[in-house]
Amino acid sequence: MKRIAFLLLAIHVTMLSGCKKDGGTNGGTTKIWDINPVTVSVTATDAQGNDLLNPQASGALEVSEIKALYKGKEYVCNENQMTSKAVLPRFYGLKTEKSALGTCLLRFGELNGAQSYTNESVTIIWPDGSSDQISFNRDFRWKANGDPEIKEKWFLNSSEVSGKLVKIIK
């Protein structure tokens, strides 16, 4: 009987010693995080505040003639691009979209949100041939407690802007 008790105790101790903390890439925790993709978002207004991306606005730009230049490749604006609530990055290039406040936006992306970027830039080429360069630095890392830490700086034509929404006055 002592042999059986000793054997059961040995099996129990072996099973318990096999349990250990997950040594995964997100700080060694078992938390699961959905990291939002990086998207370049732009508004374009005239000096009077008219939304130049809204086709009903006076003096609106022809959005089909707006392009983005990214890593040497040109992307034409696609007005009919579907929007998704999926968190995995789906690269769609350049598109227009209405914000929750009703403002028309140009959006470029999506880029992987779970990585860092240094001096990443997108150049918007307007119908009149002028251009604006939007760039950003993004530092992404996992903290020791398993939470993500993200620090970003956004720039318009080399001048830092506040927030992720880049506002351009044409």
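The values are calculated or read from the model by the stated rules, or taken from the named source; none is laboratory data. Note that this is a predicted model, so its numbers are computed, not measured. Counting neighbours? That spans all protein chains shown, and the Cβs are built from the backbone with ideal geometry, glycine included. What goes into the accessible areas is simple: the full protein's heavy atoms, side chains included, and nothing from ligands, DNA or RNA. Shrake-Rupley method; radii C 1.70, N 1.55, O 1.52, S 1.80 Å.
Across region 60-96, what is the total count of residues that are more than 13 Å from Thr123 (Cβ to Cβ), at pLDDT 90 or above and either open to solvent by less than 40 Å² (accessible area, probe 1.4 Å) or small (Gly, Ala, Ser) (or both)?
At the first step, the residues of region 60-96 found to be more than 13 Å from Thr123 (Cβ to Cβ) are 60-65, 76-93, 95-96.
Restricting the remaining residues to those that are at pLDDT 90 or above gives 60-65, 76-77, 91-93, 95-96.
Restricting the remaining residues to those that are either open to solvent by less than 40 Å² (accessible area, probe 1.4 Å) or small (Gly, Ala, Ser) (or both) gives 60, 63-64, 77, 92-93, 95-96.
Looking only at that region, the number is 8.
Would you confirm, using the coordinates I've provided, whether Gln115 is open to solvent by 50 Å² or more (accessible area, probe 1.4 Å) and within 30 Å of Thr30 (Cβ to Cβ)?
It is true that Gln115 is open to solvent by 50 Å² or more (accessible area, probe 1.4 Å) and within 30 Å of Thr30 (Cβ to Cβ).
So, of the residues in region 32-54 that are part of a loop (DSSP other than H, G, I, E, B) and among the polar types (S, T, N, Q), which turns out to be surrounded by the most Cβ atoms within 10 Å (Cβ to Cβ)?
By that ranking, first place goes to Asn54.
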